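Following: one structure in structure tokens, then a few remarks.
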Amino acid sequence: MQKTGFYFTSIIYLVVVTSTILLFSCNKGSNSAPAVISPATSEFTLRDTLKIESQYQNGPFSDLYKRYNGKLYSVNSSNKVGFSVQRSGINSVFSFYDSSITNLRPSISIILNNTTFETLAAQYALTNSTILNIRDGQTFIDGSSAISTQTNVVSGILKIRYNNILKTVTGEINQLKFTLGYFTPEDIPPLSRSSNGILIEHGGSTRTVSLKFADVKLE
């Protein structure tokens, strides 16, 4: 009988201990539920305006003047932008591309020098090359691409806010304008595009990009 009593008491003790452990586990799980991150959202606009200097209206380059001067190209999209936001050495990099038109993907990278996401300013002038660099790119119908490692920025503002809990950024790029040396939808060989680009860029052609983004997750 003593052996049976000891066995019964041990069962009760085991049940109590097990229940306590389960209760503690449930409470711990409910208090440490992961934060919910919404999918990134975006509103993107792009406008290219091509200009050729009037001195080329007549003469050996008159055909290029007629072909490009005054040409416009525009893109508008909702939630078609892909993002890459990450730390790169001592810099923070905010990159994105628009995928709304197949094979014609514009891209931009903003490199914020000597900056962490925790120390971001609320607003940046995108013309300030001492604290940031901008690189732009464009893919074309034939699979080739144009990449500028030092974009000539005319104007633009970046507003950005970092959420340290969710590790996301939200903000907008307002009227980023920079020089342009190609006509995006044109289906011509890269070599011809490059040679024509000299006249296109020197004439004062520009690309203007605006972007609103929210809940973009850091990599």
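Computed values, structure above
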item: Near pairs, Cβ below 7 angstrom, 6+ apart or cross-chain, from segment 52-66 (in contact (Cβ under 8 Å) with a residue 24 or more places away in the chain) to any residue that is among the small types (Gly, Ala, Ser); result: Ile52/Gly203; Glu53/Gly203; Tyr56/Ser62
item: Considering residues of segment 197-215 that are assigned to a strand (DSSP E or B) and in contact with a Ser or Thr (Cβ under 6 Å, 6 or more places away or on another chain) only, the residue farthest from Tyr68 (Cα to Cα); result: Asp215
item: Residue list for segment 69-82, restricted to those being within 18 Å of the chain's Cα centre (by Cα) and surrounded by 17 or more Cβ atoms within 10 Å (Cβ to Cβ); result: Val75, Val81
item: Segment 125-161 - residue that is outside any strand (DSSP E or B) and more than 20 Å from Ser205 (Cα to Cα) and, of those, farthest from the chain's Cα centre (by Cα); result: Asp142
item: Identity of the residue in segment 160-177, out of contact with any Leu (no Cβ under 7 Å at 6 or more places or on another chain) and closer than 21 Å to Asp48 by Cα, that ends up surrounded by the most Cβ atoms within 10 Å (Cβ to Cβ); result: Lys177
item: Pick from segment 178-197, criterion of a type in the set (A, V, I, L, M, F, W, C) and at pLDDT below 95, ranking: surrounded by the fewest Cβ atoms within 10 Å (Cβ to Cβ); result: Leu191
item: Members of segment 64-108 that are hydrophobic (A, V, I, L, M, F, W, C) and outside any loop (DSSP other than H, G, I, E, B); result: Leu64, Leu72, Val75, Val81, Phe83, Val85, Val93, Phe94, Phe96, Ile108
item: Some residue of segment 53-68 being surrounded by 10 or more Cβ atoms within 10 Å (Cβ to Cβ), farther than 30 Å from Asn196 by Cα and at pLDDT 95 or above; result: no
item: Qualifying residue in segment 172-182 (condition: more than 29 Å from Pro39 (Cα to Cα), free of Cβ contacts under 8 Å to residues at least 24 places away in the same chain and touching a strand residue (DSSP E or B) at 6+ places or on another chain (Cβ under 9 Å)); result: no
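The values are calculated or read from the model by the stated rules, or taken from the named source; none is laboratory data. This one's a predicted model, so the numbers in the text were calculated from it and none came from an experiment. Cβ coordinates were reconstructed from backbone atoms using ideal geometry, including for glycine residues, and neighbour counts include every protein chain displayed.
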